Amino acid sequence: MSVKVCETALEAISIIEDNEFIWTHSMAATPRILLDALAIHAKTRQNLTLLQLHTERAESLASPELFGHLRHRCYFSSTSTRPLMAIGEADYVPIFLSEIPKLFKSGEQPVDTAIIQVSPPDQHGICTMGISVEATNSACLAAKKIIAHINPKMPKTHGDSFIAYDRFHRVYWQEDELPSHPQGELDEVTQAIGKNVAQLINNGDCLQMGIGAIPDAVLACLTDRKDLGVHTEMFSDGLLELVDAGVITNRLKKTHPGKIVTGFAIGTQKLYDFVDSNPQVVFLDIGYVNDTSIIQRNDNVAAINSALQVDLSGQVCADSIGTSIYSGVGGQMDFIRGASLSKGGKAIIALPSTAKHGQLSRIVTTLDAGAGVVTTRAHVQYIVTEYGIANLRNKSLKERAKALIEISHPDFRDELTDDFHKTWGIHL
Ligand code: COA
């Protein structure tokens, strides 16, 4: 197939026709230049559906001018799609991250065009999907057309990220900085949560962690551990210090020993430089990375994820605040279950005890109406706040409520105790 090299991003995008399902590369590899062009082209098209995970810097596609022309179908929200969902102008599809590649491979979800951002071709004509393979690898395998932004700033990565240049229908070359997410200062609450979670992490554990301040706070407390491994959906800068210090060796891993396995990376240029041409880091299809049968092959998997609300029976809400969709199901359940199935594994949910500057308890008697249970009360194991650790496994409802109230904020403990009795009819 001959690849058409385009002078402009709009020319590259112009092969998109009415009624197409379009996949966009997501996370920090969101092809923002091509998406800005799509925002222009879509006004001349009807009934486009943009399939996506969390996208970054894609605000142009949230314009009301596109309503009726292009609709977002989100497996995870972002700052630009969240307000659209709130007014019914974008759709949220709750799904395990591990299941998304299957939708494409089976044809259950057709993909007409994939829009991606890649590193330049090497001497063999191979580009890479760089810092984000997630479901994009599978979407490209299913897509009838692939439009690629070739960005010299995109690191070349190992794993399932390879894609041959001659698979592209249209390409557009431009150097563009990748989005940077520097680590902020860790506040006292986050540091306390980090210390508490770190108590659960032993030498030789295999880590999975999500994005945000809590994983970084945990990692900062692990400098004296030995032989940690990493098999994770994503990773960020917090891991780099532990790699440099020789704490992360991946030596004891049963799958991919000696290597960090991930689906995507989001962080700063330092992180992107670390993964560039680094054979120690393999970016694999998320259907494999997040497969519980793969996760459990490593011993001592410690999965560290977060939540928006936890009720006194242990139900974990992580994708919505009541009926307002905040994020997505993502890989939380994939890893919570995978960790539980791993020999010596630990499934950890870590969250601040309050929200809205201490006005609201995140540990609640019952979840808000409409809140999405991402981790069920049968799957849950450790809940950690700045006040301590509650291990809910093999605990009755009464025992769970007691353990959770003990790690809730002191200002809410009496109210939670009374409410639990009123709601559940059980005295604590
Ligand atoms: N009621 C009202 N508001 C709440 C709330 C509650 N119970 N809980 C949190 N909030 C608000 C916070 O105050 C914050 O608002 P702000 O941005 O105005 O400060 C906002 O919601 C986000 O909360 P925060 O705790 O900062 O979220 P986070 O960035 O740490 O992300 C999850 C937490 C749960 C949303 C995130 O981990 C997630 O999306 N999880 C699901 C997917 C997953 O776990 N994947 C696997 C790993 S990648």
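The values are calculated or read from the model by the stated rules, or taken from the named source; none is laboratory data. Predicted, not measured: the structure shown is a model, and the values here were computed from it. Reconstructed Cβ throughout: ideal geometry from the backbone, glycine too, with neighbour counts over all protein chains shown. Note: areas computed on protein heavy atoms with side chains; ligands, DNA, RNA excluded. Shrake-Rupley method; radii C 1.70, N 1.55, O 1.52, S 1.80 Å.
The rows are residues; the columns are (1) without any contact (Cβ under 8 Å) to a residue 24 or more places away in the chain; (2) assigned by TED's automatic domain parsing to the domain that holds LEU53; (3) surrounded by 24 or more Cβ atoms within 10 Å (Cβ to Cβ); (4) of a type outside the set (Ser, Thr, Tyr).
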position	(1), (2), (3), (4)
ALA350	no, no, yes, yes
LEU360	yes, no, no, yes
LEU367	no, no, no, yes
VAL380	no, no, yes, yes
VAL384	no, no, yes, yes
ASN394	yes, no, no, yes
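Among the residues here, ILE214 qualifies as within 14 Å of the ligand (Cβ to nearest atom), in contact with a helix residue (DSSP H, G or I) (Cβ under 8 Å, 6 or more places away or on another chain), at pLDDT below 95 and outside any loop (DSSP other than H, G, I, E, B). Among the residues that make up the range 412-427, is at least one of them part of a helix (DSSP H, G or I) and either touching an Asp or Glu at 6+ places or on another chain (Cβ under 7 Å) or within 25 Å of LEU186 (Cα to Cα) (or both)? Among the residues of the range 412-427, at least one is part of a helix (DSSP H, G or I) and either touching an Asp or Glu at 6+ places or on another chain (Cβ under 7 Å) or within 25 Å of LEU186 (Cα to Cα) (or both), which makes the answer yes. Taking the range 285-330 as the range and being of a type in the set (A, V, I, L, M, F, W, C) and either over 28 Å from SER138 (Cα atoms) or surrounded by fewer than 22 Cβ atoms within 10 Å (Cβ to Cβ) (or both) as the test, the residues that pass are ILE294, ALA307, LEU308, VAL310, LEU312, VAL316, CYS317, ILE321. Residue-level analysis places SER313 outside the set of residues that are polar (S, T, N, Q), near the ligand (Cβ under 9 Å from one of its atoms) and out of contact with any Ser or Thr (no Cβ under 7 Å at 6 or more places or on another chain). Between PHE96, PHE21, PHE67, PHE76, the distinction of being open to solvent by 60 Å² or more (accessible area, probe 1.4 Å) and within 16 Å of the ligand (Cβ to nearest atom) belongs to PHE96 only. Examine the range 293-301 for a residue that is at pLDDT 95 or above and farther than 21 Å from GLU134 by Cα, and state whether such a residue exists. Yes, the range 293-301 contains at least one residue that is at pLDDT 95 or above and farther than 21 Å from GLU134 by Cα. Among residues that are open to solvent by less than 20 Å² (accessible area, probe 1.4 Å), among the hydrophobic types (A, V, I, L, M, F, W, C), outside the structural domain of ILE383 (by TED's automatic domain parsing) and more than 16 Å from the ligand (Cβ to nearest atom), PHE168 is included.
Of the residues making up the range 145-168, just one is out of contact with any Gly (no Cβ under 8 Å at 6 or more places or on another chain) and of a type in the set (Asp, Glu), namely ASP160.
Yes/no matrix, rows are residues, columns are (1) more than 9 Å from the ligand (Cβ to nearest atom); (2) at pLDDT 95 or above; (3) on the phi < 0 side of the Ramachandran plot; (4) in contact with a Phe, Trp or Tyr (Cβ under 8 Å, 6 or more places away or on another chain):
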position	(1), (2), (3), (4)
ILE349	no, yes, yes, yes
THR354	no, yes, yes, yes
SER361	no, yes, yes, yes
THR365	yes, yes, yes, yes
VAL374	no, yes, yes, no
ALA378	yes, yes, yes, no
GLY388	yes, yes, no, no
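Comparison of THR232, THR262, THR268, THR190 shows that the only residue that is touching a Ser or Thr at 6+ places or on another chain (Cβ under 7 Å) and farther than 25 Å from GLY338 by Cα is THR268. Scan the range 175-193 and tell me whether some residue there is assigned by TED's automatic domain parsing to the domain that holds TYR272, under 21 Å from the mean Cα position of the chain (by Cα), surrounded by 23 or more Cβ atoms within 10 Å (Cβ to Cβ) and in contact (Cβ under 8 Å) with a residue 40 or more places away in the chain. Yes, the range 175-193 contains at least one residue that is assigned by TED's automatic domain parsing to the domain that holds TYR272, under 21 Å from the mean Cα position of the chain (by Cα), surrounded by 23 or more Cβ atoms within 10 Å (Cβ to Cβ) and in contact (Cβ under 8 Å) with a residue 40 or more places away in the chain. Listed by first and then second residue, the pairs linking a residue in the range 397-408 that is without any contact (Cβ under 8 Å) to a residue 40 or more places away in the chain and part of a helix (DSSP H, G or I) to a residue that is open to solvent by less than 10 Å² (accessible area, probe 1.4 Å) and among the hydrophobic types (A, V, I, L, M, F, W, C), with Cβ atoms under 6 Å apart and 6 or more places separating them unless they lie on different chains, are ALA403/ALA390. The number of residues in the range 194-226 being open to solvent by 30 Å² or more (accessible area, probe 1.4 Å) and over 26 Å from SER132 (Cβ atoms) comes to 9. Residue count for the range 122-138 satisfying the condition of being in contact (Cβ under 8 Å) with a residue 24 or more places away in the chain, assigned to a loop (DSSP other than H, G, I, E, B) and either surrounded by fewer than 24 Cβ atoms within 10 Å (Cβ to Cβ) or assigned by TED's automatic domain parsing to the domain that holds ILE260 (or both): 2.
Checking THR113, THR157 one by one, the residue that is among the polar types (S, T, N, Q), more than 16 Å from the ligand (Cβ to nearest atom) and more than 20 Å from the chain's Cα centre (by Cα) is THR113 and no other.
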